[in-house]
Amino acid sequence: DVTAVELSKAIVNNEMTLAFQPKLTVQGLILSGVEALARWHHPTKGMISPGVFIPLAERHGLIDALTRHLLEQAFKHKRTWQQYGLRFNLAFNLSPLSLADIDIVDWLCAMAAQYDVPANEITFEITENALLGELASAIRTLARLRLKGFHIAIDDYGTGFANAQQLSRVPATELKIDRSLVHRAAARPQQQTIFASTVELAKKLNLSTVAEGVETREDFQVVVDLGVDLVQGFYFSKPLFPDDLLTWIKTGL
Ligand code: G
Ligand code: G
Ligand code: MN
Ligand code: NA
C-alpha cells in the first residue's frame, strides 16, 4: 500500500509520468487525439495505478497539486508534438474536485499561453457521476472552460446515473460511451438498442461520440454500425509512453 506522504514525495521527485492512448476517427482511422493517463513509478513498489493514487490524492488534499503537476507535463508534451508538426487533440481527465479549484480556469489559460497550445486542441474529461453532486458549481467551471475554447467530454457515460435533462445542461462537446456498453452491445444484439439510443441522444445534444474500450473486431463492428465518431481501445493501441507514441504514429496501425 502507498501513503499520502509517499504521494507528495512522488510529485516532488518526478515519479509521476503520463501515458497517452490514441483516439481515432471511425471513418479512416485517422489519429484524432490522445488521452493522457497518469502513471506512478514508485521507486520500490513498482507501478501504482491511478485507480489507487487519484482517490488517495483526493482524500488527502493533494489533488490540486497533482493535477497541476500532471497538466504541466501534458502541455509540455503537446508543445513538443506541435514542434514536430504533429497536430492532434490532447484529452486530460479532471477530478470533480478540480472543478471546485477556483483558480483552475485562469491557471489553464496561462499554461495554454505559456506552452503555445490552442485551447481548442485540449479536452477535459469529466466522469458522468462527477456532474451529479455539485452540478451547479461544476457546470459553472465547465462553462468558463468552454468559453475559453477548451473542449469538454463526459467520460464513462452509461455507468452513472445522469438523465438526459442533466446531460443537456452540461456544456460538453463530446460523449464517451463506457466500455461496458460497447462490450454488451457486441455480445448481445438486443443490447444494441441501448447503445443506439445513447448515440442518438448525443447527436441531438450536438455531442461527438467516442466508443471506449474497443478490444476486438466485433466491438469495432458494432461501433461502425451504430455511427460513432471516434474509437479508443486496446484493439487500436494501449496507452503509450511518449517515445512509443511517436513510433506508433510513424508506423501507423
Ligand atoms: O489508466 P487506467 O485505466 O489505469 O486509469 C484508471 C482510472 O484513473 C481511469 O478512470 C482514469 O480516468 C483515471 N485517471 C488516469 N489518469 C488520471 C489523471 O491524470 N487524473 C484523474 N483525475 N484521473 C486519472
Ligand atoms: O475512466 P477512463 O475512461 O478515463 O479510463 C481509461 C482507462 O481505460 C485507462 O486506464 C485505460 O488503460 C483503460 N482502457 C483503455 N482501453 C481499454 C480497453 O480496450 N479495454 C479495457 N478493459 N480498458 C481500457
Ligand atoms: Mn477518460
Ligand atoms: Na472512460
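Could you go through segment 33-53 and let me know if any residue there is basic (K, R), farther than 28 Å from A211 by Cα and away from ligand 4 (no atom under 16 Å from the Cβ). Checked against the condition, which is being basic (K, R), farther than 28 Å from A211 by Cα and away from ligand 4 (no atom under 16 Å from the Cβ), segment 33-53 yields at least one hit. Just one residue in the set T127, T44 is more than 24 Å from G233 (Cβ to Cβ) and either touching a strand residue (DSSP E or B) at 6+ places or on another chain (Cβ under 8 Å) or β-branched (V, I, T) (or both); that residue is T44. Does segment 57-77 contain at least one residue that is of a type outside the set (A, V, I, L, M, F, W, C) and part of a strand (DSSP E or B)? Scanning segment 57-77 turns up no residue that is of a type outside the set (A, V, I, L, M, F, W, C) and part of a strand (DSSP E or B).
To keep it simple, each residue is scored yes or no on (1) more than 16 Å from ligand 4 (Cβ to nearest atom); (2) under 30 Å from N163 (Cα atoms).
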{"position": "F88", "(1), (2)": "yes, no"}
{"position": "P96", "(1), (2)": "no, yes"}
{"position": "A112", "(1), (2)": "yes, no"}
{"position": "A119", "(1), (2)": "yes, yes"}
{"position": "F124", "(1), (2)": "no, yes"}
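Scanning segment 1-49 for residues being within 16 Å of ligand 3 (Cβ to nearest atom), in contact (Cβ under 8 Å) with a residue 12 or more places away in the chain and farther than 17 Å from I122 by Cβ gives a total of 3. In this entry, K250 is excluded by the filter for residues that are free of Cβ contacts under 8 Å to residues at least 60 places away in the same chain, in contact with a Cys (Cβ under 9 Å, 6 or more places away or on another chain) and not β-branched (V, I, T).
When I139 is tested against the conditions (1) modelled with pLDDT under 95; (2) closer than 28 Å to D103 by Cβ; (3) not in a helix (DSSP H, G or I), the lone failure is (3). Residues of segment 204-226 that are part of a loop (DSSP other than H, G, I, E, B) and of a type in the set (V, I, T): V214, T216. Can A112 be described as buried (at least 19 other Cβ atoms within 10 Å of the Cβ), away from ligand 1 (no atom under 16 Å from the Cβ) and assigned to a helix (DSSP H, G or I)? Judged against the criteria, A112 is a match.
Of the residues F75, F150, F124, which single one is within 16 Å of ligand 3 (Cβ to nearest atom), within 18 Å of the chain's Cα centre (by Cα) and closer than 22 Å to R39 by Cβ? Among F75, F150, F124, only F124 is within 16 Å of ligand 3 (Cβ to nearest atom), within 18 Å of the chain's Cα centre (by Cα) and closer than 22 Å to R39 by Cβ. For segment 128-147, the count of residues that are on the phi > 0 side of the Ramachandran plot and surrounded by 17 or more Cβ atoms within 10 Å (Cβ to Cβ) is zero.
Checking segment 239-248 against the condition returns no match, with no residue being away from ligand 1 (no atom under 16 Å from the Cβ) and in contact with a helix residue (DSSP H, G or I) (Cβ under 8 Å, 6 or more places away or on another chain).
Residues that are within 15 Å of ligand 3 (Cβ to nearest atom) and either assigned to a strand (DSSP E or B) or β-branched (V, I, T) (or both) within segment 227-241 comprise L230, V231, listed in sequence order.
Looking across segment 198-225, just one residue is over 18 Å from D156 (Cβ atoms) and touching a residue at least 60 places away in the same chain (Cβ under 8 Å), and that is V224.
For first residues located in segment 91-105 and within 13 Å of F150 (Cβ to Cβ) and at pLDDT below 95, partners that are away from ligand 4 (no atom under 14 Å from the Cβ) and not β-branched (V, I, T) and lie 6+ apart or on another chain with Cβ distances below 6 Å form the pairs L99/A138.
The values are calculated or read from the model by the stated rules, or taken from the named source; none is laboratory data. All of these numbers come straight from a predicted model, not from anything done at the bench. Methodologically, a virtual Cβ is constructed for each residue, glycine included, from the backbone with ideal geometry; neighbour enumeration extends over all protein chains shown.
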